[in-house]
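Everything below concerns the one structure shown next.
The values are calculated or read from the model by the stated rules, or taken from the named source; none is laboratory data. Given the structure is predicted, the values throughout are model-derived calculations rather than measurements. Here Cβ is always computed from backbone atoms with ideal geometry, including for glycine, and neighbour counts include all displayed protein chains. SASA here: full protein model, heavy atoms, side chains in, ligands and nucleic acids out. Shrake-Rupley method; radii C 1.70, N 1.55, O 1.52, S 1.80 Å.
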Amino acid sequence: TGNIVLDIIRKYAPSITTPGVETTGRVLQGTRDFKGISAYDAILTLSKEDNFHSHLHINKEYHYAPNFADDSGITLKEGEDYILHVKTPEFGYDLANKATIIASSGIISSYDNFDTQSELGITKEYLRIDQSILTQGDADAAAQSVIDQQSQLTKIVEMKVLLNTPNATLENLDTGQVLTLNIPTHSISNEQFLVLDKVFDFPEGIVTMKLA
């Protein structure tokens, strides 16, 4: 499957590098119809089937690898480690619990995730106008894909930590690895998070991370 991801990126996003795309593993069986959805949505669909994490690093490197493939063994604890800043947005930036696709010839498709709408008390709509979608079926598939991929609540954590803490050295921590957080003031108790993004600030010795 990773080779398909490489082909999609090279064709539709040639400026993105792919050292983090794992090409071993599952062989895709059968066919997939990605007509009417974006290249990114196609990759997300494959990642869901593979149980892989899929994200674009800040330095324009794409990562596609098994979920929780590598536990870093690191635990950061509030009050014990040098945690400088923690931010926990209410939900992931890409959350969409309503998807509306406006296609050609007056075709409109709309799908909802009423569970997350009820839980949050708000509706976040993804609206896409795409004249390349020619049938109701393709519009329905595109809207359903958004709901499948983006309507689930994801806890996002953004934090700044000193590079060297009493419990860990973060220099070798990489995106795609897992670490454990214990931050009671943000209702996080020994939960595992995937490192989505990580930036070292030198010579200050500070690590800025985005986790999910």
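Just to check your reading of the model, which residue among ALA168, ALA139, ALA143 is under 25 Å from PHE52 (Cβ atoms) and not hydroxyl-bearing (Ser, Thr, Tyr)? Criteria check complete, one pass: ALA143.
Filtered by the rule that a residue be outside any helix (DSSP H, G or I) and modelled with pLDDT of 85 or more, the range 114-152 gives GLU125, TYR126, LEU127, ARG128, ILE129, ASP130, GLN131, SER132, ILE133, LEU134, THR135.
Do the conditions hold for LYS160, that is, is it open to solvent by 70 Å² or more (accessible area, probe 1.4 Å), of a type outside the set (S, T, N, Q) and within 18 Å of the chain's Cα centre (by Cα)? So LYS160 fails the test. Restricting to the range 1-31, count the residues that are in contact with a Pro (Cβ under 8 Å, 6 or more places away or on another chain) and over 11 Å from ASP50 (Cβ atoms). Number of matching residues: 0.
Selection of first residues in the range 37-56 that are among the acidic types (Asp, Glu) and of second residues that are open to solvent by less than 30 Å² (accessible area, probe 1.4 Å) and in a helix (DSSP H, G or I), restricted to Cβ pairs under 9 Å at least 6 apart or on distinct chains, gives the following pairs, ordered by first then second residue: ASP41/ALA142; ASP41/SER145; ASP41/VAL146; ASP50/GLY2.
Here's the yes/no breakdown for (1) more than 24 Å from ALA65 (Cα to Cα); (2) in contact with a strand residue (DSSP E or B) (Cβ under 6 Å, 6 or more places away or on another chain):
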| site | (1), (2) |
| --- | --- |
| ASN172 | no, no |
| GLY176 | no, yes |
| LEU179 | no, yes |
| SER187 | yes, no |
| PHE193 | no, yes |
| LEU196 | no, yes |
| PHE202 | yes, no |
| ILE206 | yes, yes |
| ALA212 | no, yes |
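Go through the range 87-110 and give me each residue that's in a strand (DSSP E or B) and either over 30 Å from LEU173 (Cβ atoms) or at pLDDT 90 or above (or both). Hits for the range 87-110 are LYS98, ALA99, THR100, ILE101, ILE102, ILE108, SER109, SER110.
Matching residues to (1) in a helix (DSSP H, G or I); (2) more than 16 Å from GLU61 (Cβ to Cβ); (3) not aliphatic (A, V, I, L, M):
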residue: ASN3; (1), (2), (3): yes, yes, yes
residue: ILE9; (1), (2), (3): yes, no, no
residue: SER15; (1), (2), (3): no, no, yes
residue: GLY36; (1), (2), (3): no, yes, yes
residue: ILE43; (1), (2), (3): yes, no, no
residue: LYS48; (1), (2), (3): yes, yes, yes
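The set of residues in the range 50-68 being open to solvent by less than 80 Å² (accessible area, probe 1.4 Å) and either at pLDDT 65 or above or in a strand (DSSP E or B) (or both) consists of ASP50, PHE52, HIS53, SER54, HIS55, GLU61, TYR62, HIS63, TYR64, ALA65, PRO66. Entry remark, the range 163-212: residues being farther than 18 Å from LYS77 by Cα, in a loop (DSSP other than H, G, I, E, B) and among the hydrophobic types (A, V, I, L, M, F, W, C) number 1 in total. The condition (being closer than 28 Å to ASN97 by Cβ, in contact with a Phe, Trp or Tyr (Cβ under 7 Å, 6 or more places away or on another chain) and not β-branched (Val, Ile, Thr)) is satisfied by just one residue among GLN131, GLN150, GLN117, GLN136: GLN150.
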